[in-house]
Amino acid sequence: MRRSSVFRLALVVGFWAFLAACSRDPAVRKQKYFESGERYFAKGKYREAIIQFRNATEVDSSFSAAHYRLAETYLKLQDGQQAYTELGRTLELDPENSKARIDLANLLILNGQLNRAREHTDWLREKQAGDPDAHIAIAHLLEAEQKFEPAIAEVQKAIRLAPDRGDLYLALAVVQSKANLPDAAEANFKKAVELRAKGNPRIVLAAFYESRGRYSEAEHEVQRIIAAEPKNSDARASLAKLYLAEGKRGEAEEFLKQAKRELPDDPAAYRMLGDFYFAVNNIDGAMAEYASLYHDHPHDLQVKKNYVQLLIMKNQFEEANKINEDILKGKSQDEDCLTYRGEIQMGEGKSMEAIQTLESVIGSNPDNAVAHYQLGLAFSQLSQWDRAWQETEEAVRIRPYMVDAQRALANLAFQKGDFPGVQTAATKIIALQPASPDGYVLRALSWMARKQLPSAEADARKAIEVAPQAAGGYLAMGNLRSQEQKLSEAESWYRQSLGRDPNSADALQGLIDVYTREKHPEKAIAAARAQISLSPSNSAFYGLLGGVLLETKDYAKAQSALEKAVELNKSNTDAYAKLSRAEAGQSRLDQAVATCKEGLRENPRSATLYLLLGDLEEQKNDREAAKSAYQSALDAKHDDAMAANNLAYLLLETNGNLDLALQLAQTARRALPRSANVADTLGWAFYQKGAYQSAIAMFQEAIRLTAQNNEPDNATFHYHLGLAYAKAEKPVQARQHLERVLKLDPKYTDADSVRKQLAELKS
């Protein structure tokens, strides 16, 4: 008995010792984790699969199969950044893994990194000529480069290798559609449906029908999918998009609310309503929806990121920063969130910090197009236009399909007065989004700036044709008719634009401009009030109303409207400036200064407000405070010509640094060659430097520009010119201009000095 017990005990001890040995064996442990990850992956439990695959790589960091499965799982979760990292690690460990190379090439193409993708497609072309998926990856790259014929040839090679794969016919149909071969594309879409291709071929066929205006056929295809697969969120998104294309905005919204109720656990489904609000520019609706989703799904990373972006758009930087930094605690190198950090810093007026943040993102990943784009915006804040252009062009080079970057290039071109550049960017936008009005509207504006009005009208009307429910084309037509002095027609177009977008400040501004030019301020005021009744939370509308009232010198009512404008939007610097002017118009200079300073606390990089503050301080005879304000304006916008001019003049008037004053005056003159005041400032700098002939030339230019600009003759310009002639020993001319001063303004500020100079010239 004892021998038997001992024997059994030995067996038990030996068994547990064996298990312990197995658990300590890294090869066994990593395999167990890997197999567990595979089981979770097969069940669609991707987050659990990630944990297990990650455990396997922690046991053995060189376990390439686990790294690859991690990449595939991240792709399922649409986390491209993590997938990219794992695919790169896979190829470091196993350069011959063609599937990983195909996935990486496709991911790079999707992100617009075509040059880097080409490295992988070249390898595939050489070593995987018999793999249909390799040919598809090559075709994707050619398609992205808009080389449609060779792309079609590559897909056809794939089909010859695997003629029964429906996804290959689907890929062929997509390229043929882009190549404007609709009949061939439709046949291959149907072939893909027949072969039950992966990737929802009916949805893609429906999108094809929609692009051809065949809405009933498109809806039929999508409804078939929903009937067969009620939980297919892609099909529901497709139907909502179709409703929107048909102008059925209400139906789309209700349908997406229903999808959210019926698929509460599908992230793609419950995010669709918020994304819909964003797509139709209902930012308040998107904000409310994502605030709710953030509460209901606190662990959904995409919800957090989308909410952060919306908070940034609404200038709620403190809350955006709180959520964004919380994400970064767990994912310190998340490129999206680091880029959001840069955006938040820009919003807070911390442009230099934003530049450092965004440059660190680019340092880790030079091909991050979004970071380059945001860096361009940061440089724009500092008026460093060359760097802004450079970074934005780099974003477009990396990701040619990045429409926001193309728009930014168009805006930068406008800033430089480079209207052919605007046209180039607009034409690229049209190529990328031919069914969107934006590119046509931008190109119309570039034509208008160059007085090529027939071309402008063609593009404006094209914008209306492709998007009759959008406001942009009607706005462009209003601007065109206004430029042609056809004011009644302009009024009609602006009203049509407002009818499609009741929140359009540009359209209301155009309408107000028409009434102002017709000398009907009462109509302008009525139009602003009518629009406010439709959009009572629109800060810009109160700003426009305040502006009209300000021009009519109804300062009290202007103040009331402008106070509402800044209450609704603390970032409305134009409203702060107008409010200060309204207060100054009521001789409340201290309050005007206080308002300016409040606006600057909210918008510390506003050169406009610093410039106005300087002017107000001058009116209060506080020249030192004025100089400080003008210097701050230049710190915020180093090439602000008016700030340079005003600071230069104050330096000259207060015995300041003459060399700096001359430099600032020359800077202002280069930027504003048609400004009489700027010419006078430069002349005054030359005078004080003893360069009297140069001073005379600039004072003469100031007087000439005054007449040319239909401005009242300026006594100060004649006074300065008279002094310069006196120094140049030309007494006749000196007396002529000094006498002109007293004729223009007998109570001129320096009248005593003028009389003294005249007396000296006669003696």
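The values are calculated or read from the model by the stated rules, or taken from the named source; none is laboratory data. In this text the structure is predicted, and so the values were computed from the model without any measurement. Note: ideal-geometry Cβ built from the backbone for every residue, glycine included; neighbour counts use all protein chains shown.
Please find, within segment 338-372, the residue that is nearest to the chain's Cα centre (by Cα) out of those that are among the acidic types (D, E) and not in a helix (DSSP H, G or I). Taking the candidates together, the pick is E348.
Among the residues that make up segment 377-397, is at least one of them among the polar types (S, T, N, Q), within 30 Å of L672 (Cβ to Cβ), out of contact with any His (no Cβ under 6 Å at 6 or more places or on another chain) and in a loop (DSSP other than H, G, I, E, B)?
Looking only at segment 377-397, we keep the residues that are among the polar types (S, T, N, Q), and these are 380-381, 383-384, 390, 392.
Filter once more, keeping what is within 30 Å of L672 (Cβ to Cβ): 380-381, 383-384, 390, 392.
With out of contact with any His (no Cβ under 6 Å at 6 or more places or on another chain) added as a condition, the list becomes 380-381, 384, 390, 392.
Remaining after also requiring in a loop (DSSP other than H, G, I, E, B): 384.
Checked segment 377-397: at least one residue is among the polar types (S, T, N, Q), within 30 Å of L672 (Cβ to Cβ), out of contact with any His (no Cβ under 6 Å at 6 or more places or on another chain) and in a loop (DSSP other than H, G, I, E, B).
Considering only residues of segment 749-763 that are part of a helix (DSSP H, G or I) and of a type in the set (G, A, S), which is farthest from E701 (Cα to Cα)? Reasoning before the result, please.
The initial filter retains those residues of segment 749-763 that are part of a helix (DSSP H, G or I), namely 751-762.
Applying the additional criterion that residues be of a type in the set (G, A, S) yields 751, 753, 759.
On the way: A751: 23, S753: 23, A759: 27 Å.
Among those that are part of a helix (DSSP H, G or I) and of a type in the set (G, A, S), it is A759.
Inspect all residues belonging to segment 433-440 and state whether any of them is loosely packed, with under 15 Cβ neighbours inside 10 Å, modelled with pLDDT under 95 and out of contact with any helix residue (DSSP H, G or I) (no Cβ under 6 Å at 6 or more places or on another chain). The answer is yes, given that some residue of segment 433-440 is loosely packed, with under 15 Cβ neighbours inside 10 Å, modelled with pLDDT under 95 and out of contact with any helix residue (DSSP H, G or I) (no Cβ under 6 Å at 6 or more places or on another chain). Only residues that are part of a loop (DSSP other than H, G, I, E, B) and either surrounded by 17 or more Cβ atoms within 10 Å (Cβ to Cβ) or among the polar types (S, T, N, Q) (or both): list them for segment 156-180, please. The answer is R165, A179, N180. Of the residues that make up segment 571-585, is at least one buried (at least 16 other Cβ atoms within 10 Å of the Cβ), outside the structural domain of Q663 (by TED's automatic domain parsing), of a type outside the set (A, V, I, L, M) and without any contact (Cβ under 8 Å) to a residue 24 or more places away in the chain? For segment 571-585, residues buried (at least 16 other Cβ atoms within 10 Å of the Cβ), outside the structural domain of Q663 (by TED's automatic domain parsing), of a type outside the set (A, V, I, L, M) and without any contact (Cβ under 8 Å) to a residue 24 or more places away in the chain: absent. Looking at A227, A187, A153, A144, just one residue is in contact (Cβ under 8 Å) with a residue 24 or more places away in the chain and either out of contact with any Ser or Thr (no Cβ under 8 Å at 6 or more places or on another chain) or buried (at least 21 other Cβ atoms within 10 Å of the Cβ) (or both), and that residue is A144.
Restricting attention to segment 190-223, which residues are β-branched (V, I, T) and free of Cβ contacts under 8 Å to residues at least 12 places away in the same chain? Before the answer, list the steps.
Quick first cut of segment 190-223, residues β-branched (V, I, T) only: 193, 203-204, 222.
Hits for segment 190-223: nothing passes.
The single residue among A558, A490, A526, A565 that is among the small types (G, A, S), more than 23 Å from E457 (Cα to Cα), modelled with pLDDT of 95 or more and not assigned by TED's automatic domain parsing to the domain that holds A594 turns out to be A526.
Would you confirm whether any residue within segment 447-467 is closer than 16 Å to N281 by Cβ and among the acidic types (D, E)? Checked against the condition, which is being closer than 16 Å to N281 by Cβ and among the acidic types (D, E), segment 447-467 yields no hits at all.
Helices (runs of 4 or more DSSP H) wholly in segment 691-748 with at least 2 residues that are crowded, with 22+ Cβ neighbours inside 10 Å and touching a residue at least 40 places away in the same chain (Cβ under 8 Å) - which ones? Lay out the reasoning, then the answer.
On the way: elements: 692-708, 715-727, 731-744.
Counting at least 2 such residues, we get 715-727.
Checking Q559 against (1) part of a loop (DSSP other than H, G, I, E, B); (2) under 20 Å from R601 (Cα atoms), which single condition isn't satisfied? Status for Q559: all satisfied but (1). Please go through segment 639-662 and pick out each residue that is farther than 24 Å from D622 by Cβ and either touching a Leu at 6+ places or on another chain (Cβ under 7 Å) or in a helix (DSSP H, G or I) (or both). D659, L662 - these are the residues of segment 639-662 that are farther than 24 Å from D622 by Cβ and either touching a Leu at 6+ places or on another chain (Cβ under 7 Å) or in a helix (DSSP H, G or I) (or both).
Only one entry in Q496, Q483 is surrounded by fewer than 20 Cβ atoms within 10 Å (Cβ to Cβ) and either of a type in the set (V, I, T) or more than 19 Å from F541 (Cβ to Cβ) (or both), namely Q483.
So which of A151, A129 is under 38 Å from the mean Cα position of the chain (by Cα) and either over 23 Å from R236 (Cβ atoms) or in a helix (DSSP H, G or I) (or both)? Reasoning before the result, please.
Values: A129 fails: under 38 Å from the mean Cα position of the chain (by Cα).
When all the criteria are applied, what remains is A151.
Tell me which residues, restricted to segment 366-396, are of a type in the set (S, T, N, Q) and farther than 20 Å from K428 by Cβ. Listed by number, the residues that qualify are N368, Q381, S383, Q384. Could you tell me whether any residue of segment 604-627 is in contact with a Ser or Thr (Cβ under 6 Å, 6 or more places away or on another chain), buried (at least 24 other Cβ atoms within 10 Å of the Cβ) and not assigned by TED's automatic domain parsing to the domain that holds A561? No, segment 604-627 has no match at all. Taking (1) surrounded by 22 or more Cβ atoms within 10 Å (Cβ to Cβ); (2) at pLDDT below 90; (3) over 28 Å from the mean Cα position of the chain (by Cα) in turn, I109 satisfies each apart from (3).
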